[in-house]
C-alpha cells in the first residue's frame with residue numbers, strides 16, 4: 001500500500017511553541033466556522049470580514065510607507081485622510097474582492113494551480129509592479145510549496161505571508177499583496193475556507209512588532225518561528241471579532 005506523501009512543513013511542528021500556536025489557531029477557526037449564523041449566512045459574514053480585513057491591510061501597508069502616520073485612540077495606526085490613504089483603501093477592497101462569494105472558488109483554484117499568476121492578479125489590483133532585485137529562487141521555492149497539496153493547512157498561509165513580506169517582490173504594495181495572499185492560502189488549504197477571520201486587525205494593533213518580525217522572517221529559524229507564532233496568535237485572537245460579526249448578522 002503506497003504511503004501518503006509527507007507534509008513538507010511537518011518538521012516545523014517539532015517546536016512545541018509553534019505546535020501549540022497552530023493548535024489554538026485551528027480550534028479558533030473551527031469554532032468560528034461552526035457558528036450557526038456562519039453556516040446559514042456565510043456569504044454575509046465573509047463579506048464583512050473581507051471588508052474589515054481589506055481596510056486594516058490598507059492601513060498596515062500605508063503605515064509601512066509613511067512611518068509618521070498617526071494612531072487612533074486604541075493605539076492602532078489611523079487611516080490617512082484623502083490622497084494616498086483613500087486610493088490605497090480602494091485598492092485594498094479591490095484586491096480582497098477576489099475572495100468574495102461567487103469568485104472565491106476561481107481564485108482558490110488559480111492559487112492551487114498557478115500561484116504566481118494569482119500573485120500577479122493581486123499585484124495588479126494593488127497597483128504594484130514586480131521588483132527586479134527580488135530573490136527569484138526563494139520566490140520560486142515558495143510558489144512550488146503553494147502547489148503542494150500536502151503542505152500543512154495552518155502553516156502554509158502564514159508562511160506565504162511571511163515569505164512575501166520578507167522578499168518584498170511588489171515594492172511598497174507588498175504588504176497588501178502578502179496579507180491578501182495569506183487569506184487566499186487559508187481558503188485554499190481549508191484552514192479558513194470562508195475567509196471569516198480578521199487577523200489583519202490584530203496585526204494592525206501591533207503594527208510595529210508585525211513589521212519587525214516580517215522584515216526578519218528569513219534571518220534564521222528562531223526569527224521565522226517568532227513570525228509564524230505571532231501571525232497564528234493573531235488568527236486566534238481574531239476569533240472574537242469574527243464571532244461578533246456573526247452575532248451582528250444573526251440579529252438582522
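Quick note: the coordinates plus some simple rules give every number you see, no bench work behind them. Values in this document were obtained by computation on a predicted structure and should not be read as measured data. Cβ coordinates were reconstructed from backbone atoms using ideal geometry, including for glycine residues, and neighbour counts include every protein chain displayed.
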Kindly provide log₁₀ I(q)/I(0) values, in the same order as q = 0.20 Å⁻¹, from the Debye equation applied to equal alpha-carbon scatterers of the range 153-252. -0.97
For the chain, what is the relative contact order in percent, using Cα pairs closer than 8 Å and at least 6 residues apart in sequence? 30
Read-out percent of Cα pairs over 23 Å apart, derived from the coordinates shown; its label in (i) 47; (ii) 57; (iii) 61: (i)
Identify which of 56, 47, 242 has the largest mean-square fluctuation in a Gaussian network model of the chain, with springs joining Cα atoms closer than 10 Å. 47
Comparing 240, 15, 192 in a Gaussian network model of the chain (Cα, 10 Å), the one with the largest mean-square fluctuation is 15
Here FRET efficiency (C-beta to C-beta, residue 19 to residue 252, R₀ 51 Å, nearest 0.05) is 0.85
If I build a Gaussian network model for the chain, linking alpha-carbon pairs within less than 10 angstrom, which residue out of 208, 133, 153 has the largest mean-square fluctuation? 133
